[in-house]
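What follows is one structure encoded as structure tokens, with my remarks underneath.
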Amino acid sequence: MSAPNLPFTCEKSPASGAGGMVVTNHPLGSAAGFEMLAAGGNAVDAAVASLLALTVVEPMMVGIAGGGLSHLRMADGTHVVIDALSSAAATMHPEIYEPVSDEPGRHMEAKGRRNIIGASSVAVPGNLAGWCDMQARYGKLPFADIVEPAIRLASRGFAVTHYLSGAIAEAAGELSQDAEIAKILMPGGAAPAPGDRLAMGDYAESLRLIQREGAAALHGGALGAALAARMSTGGEDAGWVTEADLRAYRPIERKPIIGTYRGFEIAGPPPPASSGVRITQMLNMLEAYDIQGMCFGSPASLHLLAEVIRIAFADRRAYSGDPAFVDVPVQRLTSKAYAEECRAQIRQAASLPAPWAPGYESHDTTHLTVADRDGNIVTATHTINGLFGARLAVPGTGIIPNNYMSNFDPHPGNALSVVPGKRVPTSMAPMILMKDGAPVFALGLPGGLRIFPSAMQTIVNLIDHKMSIQEAVEAPRIWTQGQEVEIEQAYAPQQEKLEELGHEVRVMPHIGGGMNAIAFGETMTGAACWRADGTVAALGGGLARPGVRFWPDKAPTRSTST
């Protein structure tokens, strides 16, 4: 299926296969998951193997000392969201940072950038605990097999991509201030060139310890002790994460938010994630309009999308956060009746921009979408938050910890202020769509605050505009929080007409990160987009028909019965 007269051309090709599908933002990440499927593992095995491999080949995006969400749909139809988001340490409190300013543009900044870089920016990590937990409960293969591809990549090395080389060069100034991370990422004193080989010997040994001990290596073992020791600098840059915090951390199993849109069921993560609620809310608003009739990319359709995104962000600012600390009225916000109230806020033309409200999420994340032949699906978004996280490495381990404390408000007394044990807010949107109870699409992407509006637009592309899965993930995007409207280059011809409707428009190279998606039908089709190194690995074929043997010279003797 392909939508007619689209204002863009796809840059990548999809791949199809009935035996399984792995789509990640690095070819070696996809290869690691494919290896698990080929070995008889399921989608959970493949997802965890890919994520561990990505901690090696995408060290700027994800690591074992980060956080994130994995959305699983098992073959029996059960949905599970594994919340492995990072959290504030037990000794943290709302006044650990000194805010720089109350000015809107600098509201989330702290003195000395202590919530952005260094040990003082590190939150209690959850990635490794979440991955080990879901593989132990839902995977098939021995955990030692799952870790092997990542060990191989770290110990033997891999070819640096343009993407990684550019990221290291961009952050080189701050990376060079920490001898350990500089030794790992800039072994020659500068960013490696694309194609150079990069090995991570210390990290390979850490992975071997994880292979033997599982999550306990970090959450109670030697790796955790090393991380806690690195946090205890004794200076102003000291962090708060302790061995006790690491031992106490537990991933949380949550039920997804499930909404409906034009006969489809839309399943996404619940709070602390804002995506399940906001995507349902936005689609509920759009359901009253003939989106297909407006035509893709028309000024009217772009204006409508900008308006529903604006309204969703206004509610996100009012109702968002860890449900253990903040009351989020999920049932009301996701109801069709509330959507009708929201539609009354949609303007025929934009007026004054909405007041700026504090909020920050790094764009630097990874996402994967995986499925197996038996009907198991994993769509997962994980990160170390900022580019290279806290921009330090734990000595002797190769571990790059997160800088997730930058997502908390450094001012006390606000909804996003630091509180011990509070999970960080997130816009991650690992989504699964169903029709008549059967999965039809699974998708997700990195991109911080731009994630859930981009995921919503892809859903509209698939359902309303009848795009193929490749077209849907590569289609141009629009984004706003209620101030200026960002559009990608393919929408640039509509800039003048959007400005005539009152919008302040900014054309961007890209909005959000590389989306990875799978479409389900008679076979599976995987797609990745141009915004990252997304790569599809499809498994077809399979084992021989039972009873088949190799007879090079003659047919087997036919058995006779008496």
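A few points about this structure:
- Pairs meeting the criteria (first residue in region 474-495 and surrounded by fewer than 18 Cβ atoms within 10 Å (Cβ to Cβ), second residue part of a strand (DSSP E or B) and among the basic types (K, R), beta carbons under 7 Å, at least 6 apart or on different chains) are E484/R506.
- Test: residue in region 103-123 that is within 18 Å of A215 (Cβ to Cβ) and buried (at least 17 other Cβ atoms within 10 Å of the Cβ): yes
- Scope region 415-452; condition closer than 13 Å to D322 by Cα and outside any strand (DSSP E or B); matching residues: A415, L416, V418, V419, P420, G421, K422, V424, P425, S427
- Filter pass, T458 being buried (at least 24 other Cβ atoms within 10 Å of the Cβ) and at pLDDT below 95: no
- Subset tally (residues that are of a type in the set (G, A, S) and part of a loop (DSSP other than H, G, I, E, B)) for region 3-36: 4
- Counted residues, region 392-422 - those being crowded, with 24+ Cβ neighbours inside 10 Å and on the phi > 0 side of the Ramachandran plot: 1
- So V241, is it touching a residue at least 12 places away in the same chain (Cβ under 8 Å) and either more than 30 Å from G214 (Cβ to Cβ) or touching a Ser or Thr at 6+ places or on another chain (Cβ under 8 Å) (or both): no
- For G398: the one exception among (1) under 30 Å from D202 (Cβ atoms); (2) modelled with pLDDT under 95; (3) in contact with a helix residue (DSSP H, G or I) (Cβ under 7 Å, 6 or more places away or on another chain); (4) of a type in the set (G, A, S): (2)
- Restricting the first member to region 171-200 and to residues that are at negative phi and outside any strand (DSSP E or B), and the second to residues that are of a type in the set (D, E, K, R) and loosely packed, with under 15 Cβ neighbours inside 10 Å, the beta-carbon pairs closer than 7 Å and six or more apart or on different chains are A199/R156.
- Check on M92, aliphatic (A, V, I, L, M), over 17 Å from the mean Cα position of the chain (by Cα) and either surrounded by 23 or more Cβ atoms within 10 Å (Cβ to Cβ) or closer than 26 Å to L433 by Cα (or both): yes
- Being in contact with a Phe, Trp or Tyr (Cβ under 6 Å, 6 or more places away or on another chain) and within 27 Å of R477 (Cα to Cα) is a condition met by no residue of region 28-50.
- On inspection, L185 fails the criterion of being over 28 Å from G234 (Cα atoms), in contact with a helix residue (DSSP H, G or I) (Cβ under 9 Å, 6 or more places away or on another chain), buried (at least 16 other Cβ atoms within 10 Å of the Cβ) and not β-branched (V, I, T).
- Set V548, V507: member being among the aliphatic types (A, V, I, L, M), surrounded by fewer than 21 Cβ atoms within 10 Å (Cβ to Cβ) and either under 25 Å from T280 (Cβ atoms) or in contact (Cβ under 8 Å) with a residue 12 or more places away in the chain (or both): V507
- Restricting region 38-67 to residues that are among the β-branched types (V, I, T) and farther than 15 Å from M134 by Cβ, the residue that is surrounded by the most Cβ atoms within 10 Å (Cβ to Cβ) is V62.
The values are calculated or read from the model by the stated rules, or taken from the named source; none is laboratory data. Owing to the predicted nature of the structure, the values given are computational and were not obtained by experimental measurement. Positions of Cβ are backbone-derived with ideal geometry, glycine not excepted, and every protein chain shown enters the neighbour counts.
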